[in-house]
Amino acid sequence: MIRHLVALRFPACTPAAAKAALMQDLSGLSDRIDGILDFQVRANLSPEDAMVRGFRDLFWFDFRDAAARDAYLSDPGHRAIGARLVAALDGGADGVLVCDFAP
């Protein structure tokens, strides 16, 4: 299994509904891409503001294996949602941090 963890830094003025819509669109990829085992969204609750650097929103996908993860990465739907997501972030691509690991 591969966990694809993504931390996001939205501008403080971003409406919760806008964030939720993006997460809903990402969640919909589970119906289209074989090998997605789970999708979760969470808030970063760390009190270490200096270390968090504004990365307060998290999501992750659990993939069956690296091949399923790679199919997700190359999926046109994922790329379109990802472009919208990056455009909404504080700093664009600097507002996203991605980590993949095997739990």
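Quick notes on this structure:
- Residues of region 68-103 classified as over 15 Å from Phe55 (Cα atoms) and touching a residue at least 24 places away in the same chain (Cβ under 8 Å), total: 13
- Arg3, sole failed condition from (1) loosely packed, with under 15 Cβ neighbours inside 10 Å; (2) touching a Pro at 6+ places or on another chain (Cβ under 8 Å): (1)
- Hits in region 1-31 - residues which are of a type in the set (A, V, I, L, M) and farther than 16 Å from Val98 by Cα: Met1, Ala12, Ala16, Ala17, Ala18, Ala20, Ala21, Leu22, Leu29
- Selected residue (only one of Leu45, Leu26 is surrounded by 11 or more Cβ atoms within 10 Å (Cβ to Cβ), free of Cβ contacts under 8 Å to residues at least 60 places away in the same chain and of a type in the set (A, V, I, L, M)): Leu26
- Candidate set from region 75-103 (those that are in contact with a Leu (Cβ under 8 Å, 6 or more places away or on another chain) and assigned to a loop (DSSP other than H, G, I, E, B)); member that is surrounded by the most Cβ atoms within 10 Å (Cβ to Cβ): Leu89
Only the coordinates and a few stated rules stand behind these numbers; no lab work does. Fair warning: this is a prediction, and the values are worked out from it, not measured in the lab. Cβ: placed from backbone, ideal geometry, glycine included. Neighbour counts: every protein chain shown.
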